[in-house]
Amino acid sequence: MKTSAGASARFERSSDQSFLIYFEPQGKNNRAPDQVGTSAGRPLQSQITLQANENVRRLLRLLEVEPIVGVRNLHPAYCSLLVKFDALRWQHGELEEKLREYLERLQEVKLPDAREAEIPVCYGGEYGPDLDEVAALHGMTPERVIELHTSTSYLVYFFGFVPGFAYLGELPAALVTPRLATPRKKVPAGSVGIAGSQTGVYPFATPGGWRLLGRTPMAMFRTDRDGLSLLSIGDRVRFVPISRERFAALERERS
Amino acid sequence: MSQTLATILVQAPGLLTTVQDLGREGFGPMGVSPSGAADAIALRVGNRLVGNAEGAAGLEMTLLGGTFVFPEGGVLALTGSDFGATLDDAPAPLWASCEVKPGQTLRLRSTRSGARCYLCVQGGIEVKSFLGSASTHLLSGLGGYEGRALRKGDVLRIGPSSEAFWKRAVAAKALERLSPRKILRVTPGPQSDWFPEAVQKLFYANTYRVAEESNRMGLRLEGAAITEGAHGKMISEGVSLGAVQIAAGGLPIILFVEQQTTGGYAKIANVISADLSSLGQLRPRDEIRFERVEFETARALLIEQEKLLASEELILQ
């Protein structure tokens with residue numbers, strides 16, 4: 001028999017108006033897709049992360065379908081969910097009790113079917129200024145890096161950092177690369193980067209330390225579109241290489 | 001009475017002036033942080049002074065204020081820090097409402113106290129709402145007035161209001177109790193036990209200086225580095241407003257209103273809700289300290305603060 005996810009969840013007070021709910025023991029030695037060290041091919045805890053992330057998405061879903069009055073915000077991540085609440089209405093203890101009832105019901109939550117999304121990417125050159133270095137780091141050709149990056153479909157674990165920034169994983173082991181030692185002050189919108197065993201697209205021009213392989217002409221986050229974000233949590237994403245001409249054409253279409 | 005088509009002409013925008021309300025809560029799953037007024041208390045009280053709902057949109061000015069013309073006149077209140085405001089040539093009151101005649105000019109200068117001053121107008125500033133809020137989110141260019149800080153020549157619309165003008169002012173005693181703090185009270189962060197006792201002692205004994213590169217996303221602090229316990233990056237997790245994270249190099253960053261929604265640094269502490277507005281008044285080079293309190297104390301302080309904000313004694317009329 002499967003033990004309930006609720007039983008193993010751990011609550012931690014993160015502020016006087018929030019909780020963190022962890023679906024696996026958080027420790028100094030735990031590694032997730034975003035903190036893989038320098039050596040490529042180290043074994044990942046991907047199975048644990050996948051299972052934990054599914055529980056995160058189940059709890060998020062349940063709290064969206066049956067909202068708790070006085071719960072003000074939710075921040076999902078790989079293995080945890082931050083729950084922000086109105087401190088005038090709830091105390092940690094009472095809300096934990098309420099949330100534990102939700103946790104008992106996680107197995108009955110039906111997650112939406114994962115959609116398959118394709119993101120066109122123009123690799124290298126000015127769009128992917130780190131492509132050659134990543135290739136050199138792994139002793140492979142830039143073409144091989146592109147082949148690997150486009151060889152698999154990635155899970156949207158969660159959105160974080162800035163609006164519409166999807167944390168995608170996991171990269172093929174041969175492509176696992178540490179982030180830049182010094183982050184860039186400004187990464188152009190649409191840039192496709194890798195860090196550790198994760199990959200993602202910068203929806204806006206922001207500072208960033210991920211290594212940039214290419215750029216997509218797609219708008220990842222738009223205010224004039226239903227759903228705002230191109231992707232949803234739990235989607236499967238595949239990158240598709242496109243030419244500079246195609247990039248330009250798609251960019252024109254967009255505007 | 002405000003007319004339905006009253007406007008504000010931005011003659012000079014100041015250093016960084018944005019439209020803010022109390023933020024858009026509830027969009028963390030999309031990676032959208034609430035944004036909203038950095039000193040929420042100042043905005044709430046300012047709105048009360050002009051007879052608006054507490055969460056109406058106003059202007060948030062930073063360090064150096066702007067110059068605004070009111071072609072149709074209106075009712076306004078300035079709250080927060082003293083930016084040496086004048087209405088035409090007369091001093092404009094702080095923490096009080098005043099009537100503006102058609103064509104008058106409100107001019108603000110450099111701050112004489114904290115980082116931010118708020119301009120609230122009767123009827124509120126009208127902008128297109130994004131995810132239910134008028135707040136500007138600068139990093140992503142969303143919300144507010146075209147998603148950006150104000151520029152010279154911008155024309156802001158004032159919302160309709162049926163309120164008459166009442167001379168209102170915040171009671172001196174209440175103002176004193178609401179004044180921004182430099183000793184920030186915190187509760188332990190989710191990774192506080194990663195930091196050895198001695199390191200935590202140091203953290204609470206240290207005086208930190210607010211760094212120049214602080215902004216609405218976060219306040220960077222300078223001072224003695226925390227060398228033990230942070231262990232570099234951990235698994236990214238949701239981060240709360242006011243979280244004190246120890247970044248690479250051992251220096252604390254306090255996550256603020258335009259914060260990233262998730263992060264991978266260990267959090268040693270979290271500023272209590274009652275002191276979040278104080279963060280909005282911190283200027284670069286200000287010196288601060290942290291004082292640890294229990295969760296129960298944090299809650300009691302918030303309840304006390306809300307009681308004061310809701311009390312009859314807050315505003316004199």
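Take the residues in the stretch A:181-205 that are assigned to a loop (DSSP other than H, G, I, E, B) and under 26 Å from A:SER80 (Cβ atoms); name whichever of them is farthest from the other protein chains (Cβ to nearest Cβ).
Step by step, filter the stretch A:181-205, then rank; the result is A:SER197.
Name the residue that is nearest to the chain's Cα centre (by Cα), counting only residues in the stretch A:113-163 that are under 22 Å from A:ALA205 (Cα atoms), part of a loop (DSSP other than H, G, I, E, B) and in contact (Cβ under 8 Å) with a residue 60 or more places away in the chain.
Checked the stretch A:113-163; the qualifying residue nearest to the chain's Cα centre (by Cα) is A:GLY160.
Restrict the check to the stretch B:224-245 and report whether at least one residue is more than 14 Å from every other protein chain (Cβ to nearest Cβ), surrounded by 17 or more Cβ atoms within 10 Å (Cβ to Cβ), part of a loop (DSSP other than H, G, I, E, B) and under 16 Å from the mean Cα position of the chain (by Cα).
no
Among the numbered conditions (1) under 19 Å from the mean Cα position of the chain (by Cα); (2) over 20 Å from B:LEU156 (Cα atoms); (3) more than 14 Å from chain A (Cβ to nearest Cβ), tell me where B:LEU64 comes up short.
Failed condition: (2).
I'd like the full set of residues that are closer than 20 Å to B:ALA57 by Cα and surrounded by 18 or more Cβ atoms within 10 Å (Cβ to Cβ), limited to the stretch B:166-182.
B:ARG168, B:VAL170
Restricting attention to the stretch B:276-302, which residues are in a helix (DSSP H, G or I) and either over 15 Å from the mean Cα position of the chain (by Cα) or more than 10 Å from chain A (Cβ to nearest Cβ) (or both)?
Result: B:SER277, B:SER278, B:LEU279, B:PHE295, B:GLU296, B:THR297, B:ALA298, B:ARG299, B:ALA300, B:LEU301, B:LEU302.
Is one or more of the residues making up the stretch B:250-259 within 24 Å of B:THR62 (Cα to Cα), of a type outside the set (A, V, I, L, M, F, W, C), surrounded by 23 or more Cβ atoms within 10 Å (Cβ to Cβ) and over 14 Å from the mean Cα position of the chain (by Cα)?
yes
Does B:ARG185 count as buried (at least 17 other Cβ atoms within 10 Å of the Cβ), free of Cβ contacts under 8 Å to residues at least 60 places away in the same chain and part of a strand (DSSP E or B)?
no
Within the stretch B:108-129, identify whether any single residue is of a type in the set (Phe, Trp, Tyr) and either surrounded by fewer than 16 Cβ atoms within 10 Å (Cβ to Cβ) or part of a loop (DSSP other than H, G, I, E, B) (or both), and answer yes or no.
no
In the stretch B:303-315, what residues are away from chain A (no Cβ under 14 Å) and surrounded by 13 or more Cβ atoms within 10 Å (Cβ to Cβ)?
B:LEU314, B:ILE315
Throughout, read-outs are computed from the coordinates displayed, never taken from laboratory work. Nothing here was measured: the structure is a model prediction, and the numbers come from that model. Please note: Cβ atoms are built from the backbone with ideal geometry, for glycine as well, and neighbour counts cover all protein chains shown.
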